[in-house]
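First comes the structure, then the notes that go with it.
The values are calculated or read from the model by the stated rules, or taken from the named source; none is laboratory data. Predicted, not measured: the structure shown is a model, and the values here were computed from it. Positions of Cβ are generated from backbone atoms using ideal geometry, with glycine treated the same way; all protein chains shown enter the neighbour counts. Side chains included, ligands, DNA and RNA excluded: accessible areas come from the protein's heavy atoms. Shrake-Rupley method; radii C 1.70, N 1.55, O 1.52, S 1.80 Å.
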Amino acid sequence: SAALRGSRNVPASKICNYLTAEAAFDFMRNNLHVSTVVKERKQNGKILSDVALAPIALGGLTDGVSVLDMCAAYCTFPNGGKYIKPSLYTKVLDSEGNVILEHKGEEQIAMSETTAKDMIEMMQGVVTGGTGTAARLSGMRVAGKTGTTSNNHDRWFVGYTPYYVGAVWFGYDQPAALRGFSPNPAAVAWRKVMAPIHKDLPNKAFLQNDNDDKYSI
């Protein structure tokens with residue numbers, strides 16, 4: 001928990017080494033459906049692969065990761081371990097309020113509910129007293145994780161409340177250092193979007209079973 005709050009690399013590498021990079025790769029691809037992970041690819045005479053500690057444990061993937069994939073993966077935590085395939089709509093109504101299109105989402109168990117609960121608890125600590133304090137919302141539970149790549153080429157924050165999940169990435173199309181940003185600009189942007197959305201919503205606990213709402217995008 002303390003390592004996650006402080007975004008420490010060594011504990012993440014040790015855990016991945018214990019589980020094996022192969023198992024972590026398979027989990028990302030098959031359970032969280034991160035579409036950009038590379039098993040093996042020949043390019044310019046070199047063999048590229050994400051089946052290794054550096055890319056799979058610390059996030060330096062060969063082809064990076066999309067904001068859509070990242071957000072969908074994080075939805076599994078407040079969904080109690082269920083992965084739901086992303087969609088750009090949930091329901092379409094006609095002028096009289098009749099449903100003409102509805103997307104309920106394809107569900108898959110990505111992890112146990114116990115694991116999801118543990119991750120929520122640890123990621124709440126990231127926001128209350130870790131690297132993600134810039135994402136705090138007044139009177140609302142928030143959990144999430146920051147991310148920074150080498151030389152400040154990428155800054156991430158993926159966060160969620162009992163109501164919504166959002167992913168923010170800062171960077172350039174052609175990788176270059178982000179300078180003059182403190183605190184993490186992704187966490188700041190996440191808060192600026194989420195604060196007005198949650199303004200009139202009551203604070204509640206994660207994983208309540210009093211409705212059938214699912215986190216999907």
- Note on the structure: In the set L207, L201, the lone residue that is open to solvent by less than 90 Å² (accessible area, probe 1.4 Å), at pLDDT 95 or above, over 14 Å from C71 (Cβ atoms) and part of a loop (DSSP other than H, G, I, E, B) is L201
- Message: Residue pairs, Cβ under 9 Å, 6 or more apart or interchain, first in the stretch 187-210 and without any contact (Cβ under 8 Å) to a residue 12 or more places away in the chain and over 21 Å from K145 (Cα atoms), second part of a loop (DSSP other than H, G, I, E, B) and open to solvent by less than 40 Å² (accessible area, probe 1.4 Å). List them.
- Response: N209/G80
- Note on the structure: Here the residues within the stretch 138-189 that are of a type in the set (G, A, S) and in contact with a Cys (Cβ under 6 Å, 6 or more places away or on another chain) are A167
- Reported set for the stretch 159-188 where residues are assigned to a helix (DSSP H, G or I) and within 23 Å of M119 (Cα to Cα) is A186, A187, V188
- Query: Within the stretch 104-127, which residues are of a type outside the set (D, E), touching a residue at least 40 places away in the same chain (Cβ under 8 Å) and more than 19 Å from A3 (Cα to Cα)?
  - Reply: G105, Q108, A110, M111
- Query: Residues in the stretch 92-106: is at least one open to solvent by 20 Å² or more (accessible area, probe 1.4 Å), within 26 Å of D26 (Cβ to Cβ) and modelled with pLDDT under 90?
  - Reply: yes
- Run Q174 past the list (1) surrounded by 21 or more Cβ atoms within 10 Å (Cβ to Cβ); (2) more than 19 Å from A12 (Cβ to Cβ); (3) among the polar types (S, T, N, Q) and report the number of the one that doesn't hold. (1)
